Amino acid sequence: MFNPMTLLDKIISSLYGLSHKAKTIIIAIFLVIALASGIAAYKVNNYFNTDPDACVLCHVHDYAQDSWAQSEHAVVICKDCHHSTKKEQVTQLYRFVFLGHKTVEPRHGKVIVPKKFCMECHWETNKKYPQAPLVKSSRFHIRHADAAGLECTDCHGFVVHKFPADEKLCFKCHVGKEVHGTGMEKLACLNCHTDRTPDLKPGPKKCLFCHGDASIREELISDGTLDVRHFQPSEETIRKSQKINLPADAPMKFYCYECHKPHNKARPDWNDCVKCHSSVMESDVHKLHISSAGMSCKDCHKPHVWILKEDQAKRDCVKCHEYKDPKKFRKM
């Protein structure tokens with residue numbers, strides 16, 4: 001078996017004239033140097049692998065360092081996300097020291113932090129970073145990271161160390177899906193799209209975040225889903241939004257976007273109601289009001305309430321003719 005001490009003894013013995021005592025002293029010095037070198041190597045390696053300040057020895061990136069320190073990942077060391085092999089590290093160090101910083105590949109030649117490293121903390125709880133939010137139950141992440149195969153950095157970290165998703169990045173894939181509705185042009189995608197629904201499209205309560213009262217907002221915020229944690233319309237937007245009455249007994253319970261098309265035309269064309277309600281023209285009452293009188297559906301059926309009740313009939317119908325019980329209309 002190889003014995004470094006035997007080899008060392010042979011080397012020292014080959015030095016003519018050295019006494020046993022001298023050899024012992026040389027061996028002791030050698031061991032001290034070896035031990036000190038080992039401790040120094042360990043500390044240097046540990047420094048470069050665990051101390052974020054080590055990165056700035058090569059990287060002139062004050063902005064990246066500052067933005068990291070102010071981000072949610074301030075407790076996460078660089079090496080936990082940015083991985084490179086020892087060979088890559090030595091190569092980059094050599095290029096930087098002897099060839100100049102211009103020869104160093106941008107971001108060590110890698111554009112993104114691979115998804116597998118993100119998931120080490122954000123899929124299952126990591127004992128090292130137990131506070132990291134988990135995404136395995138998020139429909140947004142299942143749809144984009146799993147089904148579509150996107151990397152985390154396709155949505156997160158577009159601006160260095162800014163980790164909340166930037167809504168502008170949605171348009172890289174969802175071309176032409178900017179919001180065109182009045183007053184909605186500058187809203188983030190996640191102001192409407194939500195983790196709460198299987199298809200990520202906004203349910204009625206999500207629309208009522210702006211168009212309803214404070215109780216709806218409090219209810220949705222208490223759920224803590226991604227859309228309300230990171231993206232909420234401004235107070236001014238909420239204040240300016242038209243508030244609507246959505247009665248519990250309203251007959252139509254489908255999503256608001258069935259009539260409102262925020263990516264095309266937010267306000268519906270009320271003459272398009274017959275596309276779904278094609279049978280209404282079989283009624284003499286509807287023929288009289290729509291065809292003969294040229295009225296629009298919403299002249300009688302008020303948006304979101306829909307049912308023509310007695311109090312409305314006594315107020316609106318008498319503008320054109322004497323009062324008639326709307327219950328009788330429904331039987332015609």
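Tell me the carbon and sulfur percent of the accessible area for the stretch 192-290, rounded to whole percent, probe radius 1.4 Å.
Its accessible area is 55 percent carbon and sulfur atoms.
For every other residue with a beta carbon closer than 13 angstrom to the beta carbon of SER291, add +1 if it is Lys or Arg and -1 if Asp or Glu, then tell me the sum.
Spelling it out: positives minus negatives among the neighbours equals -1.
Sorted by accessible area (1.4 Å probe), largest first, how do ILE142, ILE244, ILE238 line up?
Largest accessible area first, the residues go ILE142, ILE244, ILE238.
Rank these by accessible area, largest first, 1.4 Å probe: ARG139, ARG196.
ARG139, ARG196
Pull out a ≥ b ≥ c, the square roots of the eigenvalues of the alpha-carbon gyration tensor of the stretch 102-249, then state rounded if a/c is under 1.5, prolate if not and a/b is larger than b/c, and oblate in the remaining case.
Prolate, because a/c is 1.5 or more and a/b exceeds b/c.
Rank these by accessible area, largest first, 1.4 Å probe: ASP213, ASP325.
ASP213, ASP325
What length, rounded to one decimal in nm, is gained on full extension from ARG95 through to ARG143, with 0.36 nm per residue of separation minus their alpha-carbon distance?
13.2 nm
Quick check: the distance between the Cα centres of the stretch 129-146 and the stretch 270-285, to the nearest angstrom?
Between the Cα centre of the stretch 129-146 and that of the stretch 270-285, the gap is 45 Å.
Take the alpha carbon gyration tensor of the stretch 213-332, find the square roots of its eigenvalues, order them as a ≥ b ≥ c, and report rounded if a/c is under 1.5; if not, report prolate when a/b exceeds b/c, else oblate.
In terms of gyration-tensor shape, prolate.
Please work out the average accessible area per residue across the stretch 270-332, using the 1.4 Å probe convention, and give it in Å².
Per-residue value: 72 Å².
Please list, by residue number, every one of the chymotrypsin sites (Phe, Trp or Tyr not before Pro) in the stretch 249-320 that is coil in DSSP and has at most 12 other beta-carbon atoms within 10 Å.
PHE254
When we measure straight from the Cα of LYS87, which aspartates and glutamates land under 19 angstrom away, once same-chain ones fewer than 8 places off are left out?
Output for LYS87: GLU105.
For the stretch 196-283, what is Rg from Cα atoms divided by 2.2 N^0.38 Å, rounded to two decimals?
Expressed relative to 2.2 N^0.38 Å, the Cα Rg reads 1.26.
Simple spin-label model, 7 Å along Cα-to-Cβ: GLU236 to TYR129 in nm?
Simple spin-label model gives 3.5 nm for this pair.
Compute the Cα gyration tensor for the stretch 150-231, then decide on rounded, prolate or oblate, letting a ≥ b ≥ c be the square roots of its eigenvalues: rounded whenever a/c is under 1.5, prolate when a/b is larger than b/c in the other cases, and oblate in all that remain.
The shape class here is prolate.
Could you compute the FRET efficiency for ASP66 and ASP316, with r as their C-beta to C-beta distance and R0 at 41 Å, rounded to 0.05?
For ASP66 and ASP316, the calculated efficiency is 0.10.
Among the lysines, which have Cα under 22 Å from the Cα of LYS86 when same-chain residues fewer than 8 positions away are ignored?
LYS43, LYS102, LYS110, LYS115, LYS116
The values are calculated or read from the model by the stated rules, or taken from the named source; none is laboratory data. Here the structure is a predicted model, which means the values were calculated and not measured. Backbone-built Cβ (ideal geometry, glycine too); neighbour counts: all protein chains shown. In case anyone asks, the SASA skips ligands and DNA or RNA and just uses the protein heavy atoms, side chains included. Shrake-Rupley method; radii C 1.70, N 1.55, O 1.52, S 1.80 Å.
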